[in-house]
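The structure appears right after this line, and notes come after that.
Just so you know, all these numbers are worked out from the coordinates, no wet-lab data involved. Being a predicted model, the structure only gives us computed values, none of them experimental. Ideal geometry is used to build each Cβ from the backbone, glycine not excepted, and the neighbour counts take in all protein chains shown.
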Amino acid sequence: MYPIPRYCDLDGVAEICPLLEGVTLMTLNACDMIHARTRNSDYQIFLLDPISAGAIVRGGEYFAEPVEATVSGSTFGGCMLKAGWLGVGLRMEIYVNGQRTVTSPVQSLRVERADFGADQCDSIESGLAEVSASGNH
């Protein structure tokens, strides 16, 4: 019998996830922008609906042009998914037209918050929050 790495079973994931830094999509607002740097690419995720995780995504090999997508959440690369959450050290799972794309591991996340005044719906003031990898994951 082969030993299963701790992060590959449900108990291990439950222990590890609270230790990881990340962003819960439902705590953001529509029009907030997530900048995600992965091991191989940079992504811009313009959040359309935090509840459904609908977004416009650009970046990486598969999203050279902006495309409407659903940002499902984070995974270690297998079938377990932490829905509605993007975590440093994990891979983002993004769906476009029914096609699943899994990125390389996230190295850093930065959120630009849209701050719309009642009379200025077309201007954005940025409030920045940043989460970075603290070492190699």
Calculate one ³J(HN,Hα) per residue across region 64-71 by plugging θ = phi - 60° into the Karplus curve 6.51 cos²θ - 1.76 cosθ + 1.60, and present them in order as whole Hz with x for glycine and proline. 5, 10, x, 9, 6, 8, 10, 8
Check which residues have an amide H placed less than 5 Å from GLY77's amide H, if you skip close sequence neighbours. ARG91
Per residue of region 102-113, in order, report the coupling 6.51 cos²θ - 1.76 cosθ + 1.60 (Karplus, θ = phi - 60°) as ³J(HN,Hα) in whole Hz, putting x for Gly and Pro. 10, 7, 6, x, 6, 9, 7, 10, 9, 10, 9, 8
For GLY84, enumerate residues with amide H under 5 Å from its amide H, sequence gap 5+ or separate chain, H modeled in the peptide plane. GLY73, SER74
Selection of GluC sites (Glu not before Pro), region 60-117, meeting DSSP coil and at most 10 other Cβ within 10 Å: GLU61
Any residue on another chain or 5+ positions along whose placed amide H is under 5 Å from the amide H of CYS31 is listed here as LEU47, LEU48
Determine ³J(HN,Hα), in whole Hz, for all residues of region 90-97 in sequence, where each value follows from phi through the Karplus function 6.51 cos²θ - 1.76 cosθ + 1.60 and θ = phi - 60°; x replaces Gly and Pro. 9, 9, 7, 10, 10, 10, 9, 6
Which of rounded, prolate, oblate describes region 6-112, given a ≥ b ≥ c as roots of the alpha-carbon gyration tensor eigenvalues and a/c under 1.5 marking rounded, otherwise prolate only if a/b is larger than b/c? prolate
